[in-house]
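Right, one structure below, let's go through it.
The values are calculated or read from the model by the stated rules, or taken from the named source; none is laboratory data. As the structure is a computational prediction, the values presented were derived from the model and not from experiment. Virtual Cβ from ideal backbone geometry, glycine too; neighbours counted across all protein chains shown.
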Amino acid sequence: MLVVSEKMDYKALYEQLLPMLQLQQQDNQQLRNQITQLQYTVHQLTRLLGGFKTEKFIPSSLQQQPELGLAFEQGFAATDLTDVQKISYVKQKQAPRENGLANAFPDHLRVEEEVIEPTEEVSGCEKVGEEVKEQLGWKPGEVFIKRTIRPRYKCPIAGKADEHRIVMAALPPQALPKSIATPELLTQIIIDKFIDHKPLNRQLDCFKRSDVTIAYATITDWVRQVANVLSPLGHLHLHEMYGYDYWHGDETTIQVLDNNKKKDTHQGYYWTYLTHNGQLIYFDYHRGRDTLAAKHILQHFKGHLQVDGYEVYEELDIKEIMVFFCMAHARRHFHEAKGNDKQRAEHALTEIAKLYKIEEQCKEEQLTEEQIKARRTEKALPILKELGKWMNEEYVTLKPKSPIAKAIAYSLKRWEGLSIYATTGHLHIDNNPIERCMKNMAVGRKNYLFCGSHEAAKRAGLLYSLLVTCKLNNVNPYEWLREVLSHNINAMTTEQLKKLLPHQWKKAADNTTA
């Protein structure tokens, strides 16, 4: 039988145990927060392991509809045969080619014919026709020796019987006249690496299959020489970009070998800028991701700069630049927070989806800038105002370290910059145009893994700037670079060099064709 002392002071015992109880409650709360954070981390890692990183969001109100949006549950009125009209049409059959083939290959391709005669004797037979089969063929790239011969002639000088002069044709101009590689070979090497993402060591293996051995130091020196000779074009290219008052900005990493780091590579950064019309891009390499690196290019820029929200851009303190932000990055944070707070995250995603729907409609209707500004003022600004108000009200009720609170905090801190686009007709809602341009760099980075030095990374940035600009202007990068390397660049004037810039070169080619 339990005996309870009548002299026990329960109040004192309660006061003694209360601090321990409060401490235990705090520990339990911390453990619950850790569990929530770990569950969120597991959710994110599971998505990455699954190989999907889509940010497409369909509001729950639409997810409940039948697939394809067909209202199967609705009844249909009986067909009234008296309203049926007879409709007839004539289907035009595609005219076959002369060889009887319906699928035409491009006309510019060379045709290599092979005639296969029967094995039996047909000398006494009459040919009554033939069957033709066409296929796309391929021959591996051929490495050959190009021997340029210039005959020298000794010609008499008029009026001077005992004197002669030597006559010889001049060599065709080349950007690298002392190189043993032709402009065509140099162009192919550059295109293979920076457009088709084939590292130089793999290219050397391809040469070996043709019994041609090239030293690695030789091929890297060819790339260095090409980048150096294109340097004047790079400067003019950047100067052309300064003529635009609206840029997109972004950064991406690149691993670089550094003599000061024996056991590891250095993580450098390409600071990338794209003009708002999506035609000119520049990759500026720097060792770091600080304000000094950003100012290297931006100190001479004036206008709107759209970025992802990285704090360095806000610290530039350049009066001529108005920094604003990317709605896609704000949306991404809410998408990642769905595993933590689905209700709040989906509310924000639904409202953001309405903003993108407005932009989609403006594009489909091909509205002018003034019409887009009016549409955004009427429809987008009220959504942004209400969404900003909702985030302010919700944030104070959340735990600051929770994923949904971080997503809201990210947007609230930049809400004015996220909303600026809706007050104009020419600014974009997000930074997706430049992110699409970064894919070329990202794919190449996965193949060649690193740059051999900081100088090599700078040269790669120059080559990417010009070659990706070719792609943005629908210019064949091989044809462009081959022609550029077939000029003596060092002897050309600034005005002549400008005509070789990818977007100007395309205009000249279009005018010649017209």
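See the values below:
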{"item": "Test set (1) buried (at least 19 other Cβ atoms within 10 Å of the Cβ); (2) touching a residue at least 40 places away in the same chain (Cβ under 8 Å) - residue 293 fails condition number", "result": "(2)"}
{"item": "Residue check, residue 150 at pLDDT 90 or above, surrounded by fewer than 10 Cβ atoms within 10 Å (Cβ to Cβ) and among the charged types (D, E, K, R)", "result": "yes"}
{"item": "Verdict on residue 185 being assigned to a loop (DSSP other than H, G, I, E, B) and within 15 Å of residue 482 (Cα to Cα)", "result": "no"}
{"item": "Selection from region 476-498 of residues that are under 18 Å from residue 463 (Cα atoms) and in a helix (DSSP H, G or I)", "result": "477, 478, 479, 480, 481, 482, 483, 484, 489, 490, 497, 498"}
{"item": "Condition check for residue 143: aliphatic (A, V, I, L, M), farther than 27 Å from residue 107 by Cβ, modelled with pLDDT of 85 or more and in contact with a Phe, Trp or Tyr (Cβ under 8 Å, 6 or more places away or on another chain)", "result": "yes"}
{"item": "Looking only at region 276-319, and only at residues there that are among the β-branched types (Val, Ile, Thr) and in contact with a Cys (Cβ under 9 Å, 6 or more places away or on another chain), the one that is farthest from residue 432 (Cα to Cα)", "result": "281"}
{"item": "Residue satisfying all of: in region 255-304; touching a His at 6+ places or on another chain (Cβ under 6 Å) and assigned to a loop (DSSP other than H, G, I, E, B); modelled with the lowest pLDDT among these", "result": "258"}
{"item": "Any hit, region 207-226, residues being at pLDDT 95 or above, within 19 Å of residue 475 (Cβ to Cβ) and in contact with a helix residue (DSSP H, G or I) (Cβ under 9 Å, 6 or more places away or on another chain)", "result": "yes"}
{"item": "Lone unmet requirement of (1) within 30 Å of residue 144 (Cα to Cα); (2) touching a helix residue (DSSP H, G or I) at 6+ places or on another chain (Cβ under 6 Å); (3) not acidic (Asp, Glu) for residue 278", "result": "(1)"}
{"item": "Some residue of region 443-450 being of a type in the set (Val, Ile, Thr) and either surrounded by fewer than 18 Cβ atoms within 10 Å (Cβ to Cβ) or outside any helix (DSSP H, G or I) (or both)", "result": "yes"}
{"item": "Qualifying residue in region 328-348 (condition: closer than 14 Å to residue 407 by Cα, touching a His at 6+ places or on another chain (Cβ under 6 Å) and at pLDDT below 95)", "result": "yes"}
{"item": "One residue from 429, 408 being part of a loop (DSSP other than H, G, I, E, B), β-branched (Val, Ile, Thr), buried (at least 19 other Cβ atoms within 10 Å of the Cβ) and in contact with a helix residue (DSSP H, G or I) (Cβ under 8 Å, 6 or more places away or on another chain)", "result": "429"}
{"item": "Counted residues, region 378-394 - those being surrounded by fewer than 16 Cβ atoms within 10 Å (Cβ to Cβ) and either touching a residue at least 60 places away in the same chain (Cβ under 8 Å) or farther than 25 Å from residue 358 by Cα (or both)", "result": "1"}
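Conditions (1) closer than 17 Å to residue 325 by Cα; (2) among the aliphatic types (A, V, I, L, M); (3) out of contact with any Asp or Glu (no Cβ under 7 Å at 6 or more places or on another chain), marked per residue:
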| site | (1), (2), (3) |
| --- | --- |
| 248 | yes, no, yes |
| 263 | no, no, yes |
| 268 | no, no, yes |
| 273 | yes, no, yes |
| 280 | no, yes, no |
